[in-house]
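The values are calculated or read from the model by the stated rules, or taken from the named source; none is laboratory data. These figures come from a predicted structure and were not determined experimentally. Quick reminder, even Gly has a Cβ in these numbers, built from the backbone with ideal geometry, and neighbours come from all protein chains shown. What goes into the accessible areas is simple: the full protein's heavy atoms, side chains included, and nothing from ligands, DNA or RNA. Shrake-Rupley method; radii C 1.70, N 1.55, O 1.52, S 1.80 Å.
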Amino acid sequence: MSRRRWTWVARAAAVGAVVGPACIPTAEGPLCPEGLSLCDERCVDLRQSVEHCGACGATCGAGERCQDGGCEGCAAGLRDCGDGCVSLDVAPEHCGACGQACAPTQRCEAGACVDCGMSALCGDRCVDLERDPAHCGACDQTCDEARHCDGGACVAVCVDAPLGEPPSEGTCGPWEVTWVHHAATPGTDDAQAVAFGADGTIYVAGETTSNLAPFGCETLSATGNDVWVAALRPSGSVSWCRRFSGTGDQQVFDLVASPAGGVILAGRFRNGLVHGVDTLCTGNGDEHAFALELGADGSPGARFCDTRPVASQGRALAVGSHGAYLLGFDAASSFVGSNNATAVWALRMPTGGSGEVCNPMATCPEWSVAGEVINEGDILVREDPPAGEPAVVITTGYERADDSSSPLPSTLVPMDASPNMAPGAVLVVGLENDLTELPTPIRVSLGTDVDCLDGSDQQVRNCAIGRALLERAGSIMLLLDYRRSFLDAIELPSPAQRDVGILALRSSDLAVQGGAARISSPRNEVGVDLVGTEAGFFVVSEVQGETLVLPDGNEIQTTTDTGLLVVALDDAFASSEDGGYVLLDGPGSDRGGRAAYRQGLLVLPGVTNGASLRIGDQTLYQINGDDAFIAAFAY
């Protein structure tokens, strides 16, 4: 074998100074000195070159060096503190400086140790060792899928059937609790809505005023009410959690699974909606409606931010093949301390994209009506209905026609321009997919009641409200609550105060077609949600009466405070044979949000502010004020 020859080549001064060894072509091919290799027409030392470390093209990261053909050192923003490259901003063992460790009950945030409060530090997150199934009693001590964490111990509630299979002998029976999360912090917490993804992921949305958000969400210096969204596995363990903040209050009202994967949430923000360092929406100091799509990993996607110079809220969501539909309300100035609005509107926004959409609002299909309405209601999307039937159905509570002395945006149609709009009625509207009126407009006014006027002929607030919609067996089920003799003519007799009613509406024209049920007591009941099952539906309501009459006529006793009731009915309004209901009723006020059901599992969000609340064999003890919970029941 012939000995390799090499030569040094100095580049011409016109090109630049001498830069080191290069190769030249010879009859035997390109030559480099011993120990060097040819990379990009240059002779380099693969043992030391940061651009070709160990192999041509293998580049080391910023701040790293090439040592013996391998990249060593720390990337930009990291520091080698002897036990590896760490970020001095978040590493609890080296917080702000190498060797400067935080206490076991602290986490490192922006280079400073921050107290975890009533939680403990596991990794870089504050967790509740008493209740977190991934850190039960100690960090990384996990409970299996058949158990939950209660008091720092993994406790069996019942062995649930696999997702998609009904309960069987030896597994959870109807209404048995499979798991419970007590999502509580030292601040005020709320769980507002739940939705199932197509893959079985359980999405939950709520609010917190604490620096420490539930489910290990980002720890922030709360400046008001922040929104959080968590993704849970069917077993109840947490996959991820995201937090959305701003300089004012944020609130979430509804949550639906996105057809593109992930989830969409709706609510309102003030002065901005922020995720991490990214500002998603900007405001002008008033309340503004928003709808935000999150990917399956929780990353923000398409979003609608209401930028009009009016106060607004996004209250309900529905999805269909044409996109996501948002139901919203406007107010003259602010909703704070009031639940009346000056207009109700709907918007259809695209899904699956990124960035802001529907800005200005009129660039997307929309519908709106002016009048004095209640900022509560629901929106339902029907896929491919027969011609002439509504594809989108909206319900709310209607108080009075528009006051012509108040100027309105030109896009709003006053309610008094429509027939049969009786004050104190439940409003039900049918629309096309693009939110235009049908060839024969459908605006149904259910009931009227002069008793809803006070002695000065002023409307009593909340006379009647359409709360939720559900399509079942060729009918549209309507959940409402109402006062006094509101619906005597359609088989719902006079309640003493406020009762919950369920009506079956004909899907073609939304007229009452027979079939009704009522939940009543001498006090007040409020409808919360309708949730469909394979054989019927659940009615979720908040109840107060000491003696509560169920749809089947049976009576149950409750406390004097508000409790949360879920009743199971079939499509003929008959009670289920499996007990028929579950009641969560502690010594305080227990409220519920929008629930979800999928293949034998009902997931119910809520809030309790009593000293304790018993769910299954688990007792939730109050931490501070309003505490959020999410409970899963086999059914």
Cβ charges +1 (Lys, Arg) and -1 (Asp, Glu), total dipole of segment 219-350, debye: 180 debye
At 1.4 Å probe radius, can you tell me the per residue accessible area of segment 510-625 in Å²? 35 Å²
Amide H contacts under 5 Å for G588, restricted to residues at least 5 apart in sequence or on another chain and with H modeled in the peptide plane, are G610, A611, S612
Would you please give the FRET efficiency between Y621 and A198, computed as 1/(1 + (r/R0)^6) with r the Cβ-Cβ distance and R0 = 22 Å, to the nearest 0.05? 0.05
Phi-derived 3J(HN,Hα) across segment 567-572 with the Karplus relation (6.51, -1.76, 1.60, θ = phi - 60°), rounded Hz, x for Gly and Pro, is 10, 9, 10, 8, 5, 9
Long-range amide H contacts for G545: which residues qualify at under 5 Å (H placed 1.01 Å from N, peptide plane, sequence gap of 5 or more or a different chain)? R523, N524
So how far apart, in nm, are the two label points at S612 and D552 if each is 7 Å from Cα heading toward Cβ? 3.0 nm
In Å², rounded to a whole number, the accessible area per residue of segment 243-283 with probe 1.4 Å is 31 Å²
Using r as the Cβ-Cβ distance of E51 and A112, and R0 as 35 Å, what FRET efficiency do you calculate, to the nearest 0.05? 0.40
Taking 0.36 nm per residue of sequence separation and subtracting the Cα-Cα distance, how much length would be gained by fully extending the chain between L38 and V310, in nm to one decimal? 91.2 nm
Taking 0.36 nm per residue of separation and subtracting the Cα-Cα distance, what length does fully extending A574 through D68 add? 174.4 nm
For segment 503-618, with only Lys/Arg (+1) and Asp/Glu (-1) charged at the beta-carbon, what is the dipole magnitude about the Cα centre, in debye rounded to 20? 320 debye
Could you work out how much longer the chain between D89 and S321 gets when fully extended? Use 0.36 nm per residue separation minus the Cα distance between them, nm to one decimal. 79.1 nm
